[in-house]
Amino acid sequence: MSVDCMNVKPGVEVAGLSDVGCQRENNEDSYLYWEPEGSEEFHHKGRLAVIADGMGGHEGGQEASRLAVETVREVYEGAAGDDPEAALRESFVTAHARIQNFAEQHPAFYGMGTTCTAAVVRGRQIYFAHVGDSRLYLIREGRILRLTRDHSYVGRLVESGIVRAEDAETHPQRHILTAALGAGMEMAVDASEAGVELRAGDDLLLCTDGLWSVVSEDELARAVSRGAPADCCSALVKLARERGGPDNITLQVMHITDAQVS
């Protein structure tokens, strides 16, 4: 289990880790971190972190999540203008179409799709886009705030008041998605309407349901607050595996060391 410690520009510390878990034969999750090399482009684009959890059989899921993270990076990097949210939305729409086109060209992969959560840190702001039930959290001074909402059957029950939020994490139908890249003709992207301001000392956590479904939010906050991103990744994957690791486990942690991060 080797943690990926990214070589990044000053202002943040970043690490990521993906593990197959204890009950799956293949890892259908994907993730990446990207930042421009040039200072001028870095000023406009900031830093991009993406995570995806594929579905549709092990080959279909692997291909869907890979297509998602690579397309989001490609489209975001090439987007014109100075609006991170608009660029993220465009990248999700493009990824959705590419996954569907791939499935049409490869009938064996019919039904492939993926969750996707992407975060951009630019200056003192974080912008994000999201489809599915992979999550983005902000941890500040030991407190955790989920910035995304699950596009899932149970998520709808919580929003309608039928199921309590504290019961949703263990609900037997919690993994039934209501939206995914590549699934359905229409695809609505959730995105930050405005950037969320960051502070020095903040931590950002992106993770798939292989982590959050077996580790509570309080436990996530404690682990992320205690150590460096690489140590946090190792500790949380270890904890998820100790609890059975029923799914692939993937996370990225970004620690803000400077309030002016790009």
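What the table shows:
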read-out	value
Phi to ³J(HN,Hα) by Karplus 6.51 cos²θ - 1.76 cosθ + 1.60 over region 86-96, Hz, x for Gly, Pro	5, 5, 5, 4, 4, 5, 5, 4, 5, 4, 4
Cleavage-rule hits (GluC sites (Glu not before Pro)) in region 25-101: DSSP loop, at most 13 neighbouring Cβ within 10 angstrom	Glu25, Glu37
Rg(Cα) / (2.2 N^0.38 Å) computed for the chain, rounded to two decimals	0.94
Amide H contacts of Asp29 (H built 1.01 Å from N, under 5 Å, at least 5 apart or other chain)	Gly54
Amide N proximity, region 12-44 versus Asp82 label position 7 Å along Cα-to-Cβ, cut-off under 11 Å	44
Residue-wise HN-Hα coupling along region 211-221, computed from phi with Karplus coefficients 6.51, -1.76, 1.60 (Hz; x: Gly, Pro)	9, 5, 6, 10, 10, 6, 5, 4, 5, 4, 4
Under Karplus coefficients 6.51, -1.76 and 1.60, residue-wise ³J(HN,Hα) of region 124-138 in Hz, glycine/proline x	9, 10, 10, 10, 8, 9, 7, 9, x, 10, 6, 10, 10, 10, 10
Met55, Met112 arranged by Cβ crowding within 10 Å, fewest neighbours leading	Met55, Met112
Asp4, Asp133, Asp53 arranged by Cβ crowding within 10 Å, fewest neighbours leading	Asp4, Asp133, Asp53
Amide hydrogen neighbours beyond the local backbone of Gly123, cut-off 5 Å, H modeled	Val261, Ser262
Magnitude of the charge dipole, the chain, Cβ model with Lys/Arg +1 and Asp/Glu -1, debye to 20	440
Zero-based 10 Å bins, Cα pair distances in region 212-262, whole percents	23, 52, 19, 6
Neighbour-count ranking [beta-carbon atoms within 10 angstrom, fewest first] of Glu141, Glu217	Glu141, Glu217
Length-normalised contact order of the chain in % [C-alpha pairs under 8 Å, at least 6 apart]	27
Ellipticity estimate at 222 nm from DSSP helix runs (n ≥ 4, -39,500 (n - 2.57)) divided over the chain, nearest 500	-10500 deg cm²/dmol
Simple label model, 7 Å out from Cα along Cβ direction - Asn26 to Glu104, nm	2.3
Kirkwood-type radius of region 1-127, with distances r between different C-alpha atoms, in Å	15.4
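Every read-out reported here was derived from the displayed coordinates using simple, explicitly stated rules and does not represent laboratory data. This structure is a prediction, so every number in the text was calculated from the model and none was measured. No Cβ is skipped: glycine too gets one built from the backbone with ideal geometry, and neighbour counts run over all protein chains shown.
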